[in-house]
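Peer 1: Attaching a single structure in structure tokens format; questions to follow.
The values are calculated or read from the model by the stated rules, or taken from the named source; none is laboratory data. Worth saying up front: this structure is predicted, and the values here are computed from it rather than measured. Cβ coordinates were reconstructed from backbone atoms using ideal geometry, including for glycine residues, and neighbour counts include every protein chain displayed. The area values use the complete protein model at the heavy-atom level, side chains included, leaving out ligands, DNA and RNA. Shrake-Rupley method; radii C 1.70, N 1.55, O 1.52, S 1.80 Å.
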Amino acid sequence: MASRGGNTDGTQGDTPLLFARVLDGKGGGRPIGWDEIQSWQPGSDGAVLWMHLCRTVPGVYEWLQERFAIPEPTAELLTSDATRPRAFREGNALVATLRGINFNPGAEPEDMVSMQVWSDGTRLVTLRRFPLQTPRDVLAAIDKGAGPLDAGAVVTELTEAMVTRMNQSIVDMNDHIDMLEEEDMDDDPEEMLEKIATIRRNCLGLQRHMGPQHVALEAISRDAPPWFEDHDRREIAETIDRLRRYLDDIDVSKESAVVLMDELRTRALASNERATYMLTIVAGIFLPLSFLTGLLGINVGGMPGVENGHAFWWVAAVCGGIGVLLLAIFKKLKWL
């Protein structure tokens, strides 16, 4: 028999089991190993078996079909990489795919990790590919005797925890936007644009993934089997409301990022236009002076002042006068 304790991040031996508990209906639960799971049957005491599995271990797909008589398409959904959030009822069973933010080292906020769920009310199977903190949080509550009482409560606590953990990433993005708004946009606009683009990508990624999750949670609330009790539906409804608020916050963050980006681009465009305008003014001043000096510099006979030692200074004075006159004209025309 595999070990009943140990690390919940790794599988137990060669089995797909990460951890398992038999819930006692009072908030606690006892550990159960892989071998005992094979013969476990629901009793009259209302106990619920919760198994958390790694879906990438070979044989999980076949085991789900053999042990729980899960139809082949559903077993494939539970073990595949098709992780778009969805939920549906299949007989007396609830099937769902949920997504949460990936807090593993090196992951970006928009990187999502998925968790597949199957339950018939007395047996609950959750599956993942990458480590998830949410099941471990619920497990810790069970081991302290303050966890969910039944399968429906486990599902609601898992969904609530996955959605709640989004909040910190959204707050972080809002804080970054606030800091960018306070910075001087003229210091390093290129770096600021890069930061804003990253925030926008994060917002779009979260919105793209969490929008379908909103629909999946509504399906759970609406179509879950009878063992999913009324108080569980109310909990799911509150989670849906929280998720909707988070999606609204993501919209606000995205729009704020767009406003910042537009302001940066407007400033850059205004700066370029100002530079072009000043170059035009300079060209307007020096064009007639260049024409005059070019005309006097042609190498042909009959040029006036060639024999006059003061001719250069006369030409310089004329050029200066023309420059001053042009500046006065430009100022009167309000070009300067």
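Peer 1: Within the group Asn167, Asn202, which residue is in a helix (DSSP H, G or I), at pLDDT below 75, among the polar types (S, T, N, Q) and closer than 22 Å to Arg84 by Cβ? Show your work before the answer.
Peer 2: Working: Asn167 fails: closer than 22 Å to Arg84 by Cβ.
The match here is Asn202.
Peer 1: Picking from His209, His214, which residue would you name as being within 30 Å of Trp118 (Cα to Cα) and modelled with pLDDT under 75?
Peer 2: Values: His214 fails: modelled with pLDDT under 75.
From the options His209, His214, the qualifying one is His209.
Peer 1: Additional query: Applying the selection to the range 39-54, what residues are in a loop (DSSP other than H, G, I, E, B) and either open to solvent by 20 Å² or more (accessible area, probe 1.4 Å) or under 15 Å from Asp14 (Cβ atoms) (or both)?
Peer 2: Kept after step one, since they are in a loop (DSSP other than H, G, I, E, B), are these residues of the range 39-54: 40-47.
Scanning the range 39-54 gives Trp40, Gln41, Pro42, Gly43, Ser44, Asp45, Gly46.
Peer 1: Also, I was wondering about something else. Name the residues in the range 123-154 that are basic (Lys, Arg), touching a strand residue (DSSP E or B) at 6+ places or on another chain (Cβ under 9 Å) and not in a helix (DSSP H, G or I), would you?
Peer 2: Taking the range 123-154 and keeping what is basic (Lys, Arg), we get 123, 128-129, 136, 144.
Subset that is touching a strand residue (DSSP E or B) at 6+ places or on another chain (Cβ under 9 Å): 123, 128-129, 136.
Answer for the range 123-154, where residues must be basic (Lys, Arg), touching a strand residue (DSSP E or B) at 6+ places or on another chain (Cβ under 9 Å) and not in a helix (DSSP H, G or I): Arg123, Arg128, Arg129.
Peer 1: Do we have Glu36 as open to solvent by 70 Å² or more (accessible area, probe 1.4 Å), farther than 26 Å from His209 by Cα, part of a helix (DSSP H, G or I) and out of contact with any Pro (no Cβ under 8 Å at 6 or more places or on another chain) here? It would help to see each step written out before you state the result.
Peer 2: On the way: open to solvent by 70 Å² or more (accessible area, probe 1.4 Å): no; farther than 26 Å from His209 by Cα: yes; part of a helix (DSSP H, G or I): yes; out of contact with any Pro (no Cβ under 8 Å at 6 or more places or on another chain): yes.
The answer is no for Glu36.
Peer 1: Exactly one of these conditions fails for Trp314: (1) open to solvent by 50 Å² or more (accessible area, probe 1.4 Å); (2) modelled with pLDDT of 80 or more. Give me its number.
Peer 2: If we test Trp314 against (1) open to solvent by 50 Å² or more (accessible area, probe 1.4 Å); (2) modelled with pLDDT of 80 or more, just (2) comes out false.
Peer 1: Of the residues that sit in the range 69-104 and are surrounded by fewer than 16 Cβ atoms within 10 Å (Cβ to Cβ) and assigned to a helix (DSSP H, G or I), which one is farthest from the chain's Cα centre (by Cα)?
Peer 2: Glu72
Peer 1: Follow-up. Could you tell me whether Thr122 is among the β-branched types (Val, Ile, Thr) and modelled with pLDDT of 85 or more?
Peer 2: On the way: among the β-branched types (Val, Ile, Thr): yes; modelled with pLDDT of 85 or more: yes.
So Thr122 passes the test.
Peer 1: Go through (1) modelled with pLDDT of 85 or more; (2) over 16 Å from Thr97 (Cβ atoms); (3) among the basic types (Lys, Arg) one by one and return the number of the condition Arg128 breaks.
Peer 2: The one condition Arg128 does not meet is (2).
Peer 1: Hey, another quick one. Within the set of pairs 6 or more residues apart or between chains, which connect a residue that is open to solvent by 10 Å² or more (accessible area, probe 1.4 Å) inside the range 203-217 to a residue that is acidic (Asp, Glu) and assigned to a helix (DSSP H, G or I) with Cβ atoms less than 9 Å apart?
Peer 2: As it stands, the answer is Gln207/Asp251, since those pairs meet every condition given.
Peer 1: Let me ask something else about it. Among what's in the range 218-264 and is modelled with pLDDT of 80 or more and among the polar types (S, T, N, Q), pick the residue that is surrounded by the most Cβ atoms within 10 Å (Cβ to Cβ).
Peer 2: That would be Thr239.
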